[in-house]
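For reference, the structure is listed below as structure tokens.
The values are calculated or read from the model by the stated rules, or taken from the named source; none is laboratory data. The model shown is predicted, which means the values in this text are computed figures rather than measured ones. Ideal geometry is used to build each Cβ from the backbone, glycine not excepted, and the neighbour counts take in all protein chains shown. The protein model used for the area step is the full one, side chains on, heavy atoms only, and it has no ligands, DNA or RNA in it. Shrake-Rupley method; radii C 1.70, N 1.55, O 1.52, S 1.80 Å.
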Amino acid sequence: MATTSTSDVRRIMVKKRLASGRPCDKCAQAEAILRDRGLWERIDDVVWADETDPKSPGHALAAEHGVTIAPFFLVESAGAVNVYKSVLSFIKKELSEPATVRASTELDLAALDPLSPPERIERVLKHYGSDCAIAFSGAEDVVLIDMAANTGQSFSVFCLDTGRLHPETYAFIERVREHYRVGIDVMSPNAAALEALVSEKGLFSFRQDGHHECCGIRKVEPLGRALRGKRAWMTGQRRDQSPATRDGLAVSALDAAHGDALKLNPLADWSSSDVWKYIRDHDVPYNALHDRGYVSIGCEPCTRALRPGEHERAARWWWEDATKRECGLHLPVASDD
Ligand code: ADX
Ligand code: SF4
């Protein structure tokens, strides 16, 4: 949560505190959504409505604005106050970065579906050039870079350096930079937010209270900065990476969390073997960890080698439920309310 407001806008979250001292479930969920998307730092104040104290400040704000549910959000600006009863509406209306131009007005997204991955990439890059960024961390992403380089179009590449990647991953990033002679924007976490987390909870808080807070600071917030001013981005996600979370992955969609930029998943309908066939056929560089049993690779403390018979995402955040094994970069874009 922000300690000082950086503008004339003040964003307040009103939460309900139960008699047990814990926040209500919906308030905790709303906070998790904000943290997942790296937006928690943009809340200036939390005001509590205590279940046991009808005179608490949160109750007073609820009465003043005629709200009867928790949580809710107030945005004060230039003497006016906007009230939001849904965290998703609040994010969409108040916290989304405006893309330079809304992608929806520019490209026929449905026409991308029947194309092959190289054709999808070519069509998008012809349109957006370096205003389209490839999110690079894993094997799939180098396939995207390889295909993008083959189009002869310009494009940009970024990598989210969480500070917790394996040494092999750092070596791999540099190898890709040299192999393709491509610039890679390496994004670091916000230093103040990271220092606050580590001094409050230590370096392994994700083992106790889940990975969302740490991923929010180390990955999701820097993603927002990497996409600032971009009109499109590409990821290496595939549907078969996770039946629990990626089954319904679209080839393309407008990304409401990033100003309705176009989000392209060119490999959505490829399998892992399609990816590895492409890597071998085209002599594409890959992370040395893959030769040691690693399949899906994230941060070092949250990734292990795959065991026989396991699904590839079983080796990411393995202490958590399968439905929660997403770092927050790719949360489904939820509809309003
Ligand atoms: S995650 O949500 O579990 O971390 P995963 O590792 O499957 O994602 O990667 C899916 C896609 O997200 C990658 O193909 C890549 O496009 C993007 N991505 C994931 N991690 C990073 C990162 N550290 N830097 C840049 N892009 C990333
Ligand atoms: Fe933190 Fe683990 Fe997420 Fe990396 S994957 S940002 S170390 S919780």
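Size of the dipole of the chain about the Cα centre, Lys and Arg at +1 and Asp and Glu at -1 on the beta carbon, nothing else charged, in debye to 20? Let's see the in-between values first.
Working: 43 positive and 50 negative charges, 51 e Å.
Taking the Cα centre of the chain as origin, the dipole is about 240 debye.
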Once all protein chains are kept in place, Cys214 shows an accessible area at probe 1.4 Å, nearest 10 Å², of 10 Å²
In a Gaussian network model of the chain with springs linking alpha carbons closer than 10 Å, the residue among Ser137, Ser205, Ser272 that fluctuates most is Ser205
For the pair Ser188 and Ala110, the simple spin-label estimate (label points 7 Å beyond Cα toward Cβ) gives in nm 4.7 nm
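Specify whether the C-alpha gyration tensor of region 181-337 places it in the rounded, prolate or oblate class, a ≥ b ≥ c being the square roots of the eigenvalues: rounded for a/c under 1.5, otherwise prolate if a/b is larger than b/c and oblate if not. Walk me through the numbers on the way to the answer.
Numbers: a/c = 1.41, a/b = 1.12, b/c = 1.26.
Rounded shape, in that the Cα axes give a/c under 1.5.
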Expected field for Met147, accessible surface area in Å² at 1.4 Å probe radius, rounded to 10, holds 10 Å²
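Please work out whether the chain counts as rounded, prolate or oblate from its C-alpha gyration tensor, where a ≥ b ≥ c are the square roots of the eigenvalues and a/c under 1.5 means rounded, while otherwise a/b larger than b/c means prolate and anything else oblate?
On the way: a/c = 2.12, a/b = 1.60, b/c = 1.33.
Here the chain falls in the prolate category.
Give the calculated FRET efficiency between His179 and Lys55 to the nearest 0.05, with a Förster radius of 56 Å applied to their Cβ-Cβ distance.
0.30
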The correct pair for region 117-251, radius of gyration to one decimal and Dmax as a whole number, both in Å and from Cα atoms, is 16.2, 48
So the FRET efficiency between Trp318 and Asp274, C-beta based with R0 = 35 Å and rounded to 0.05, is 0.85
Place a point 7 Å from the Cα of Arg228 in the direction of its beta carbon; the residues of region 108-133 whose amide N falls under 12 Å from it are none
Checking region 237-322 for trypsin sites (Lys or Arg not before Pro) in a loop per DSSP with at most 16 other beta-carbon atoms within 10 Å yields Arg304
Spelling it out for His166: with amide H atoms placed in the peptide plane at 1.01 Å from N, the residues 5 or more places away or on another chain with amide H under 5 Å from its amide H are Glu300
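With +1 on the Cβ of every Lys and Arg and -1 on the Cβ of every Asp and Glu, and nothing else charged, how large is the dipole of region 194-337 about its Cα centre, in debye rounded to the nearest 20? Each step should come with its number before you reach the end.
Details: 21 positive and 22 negative charges, 68 e Å.
I would put it at about 320 debye.
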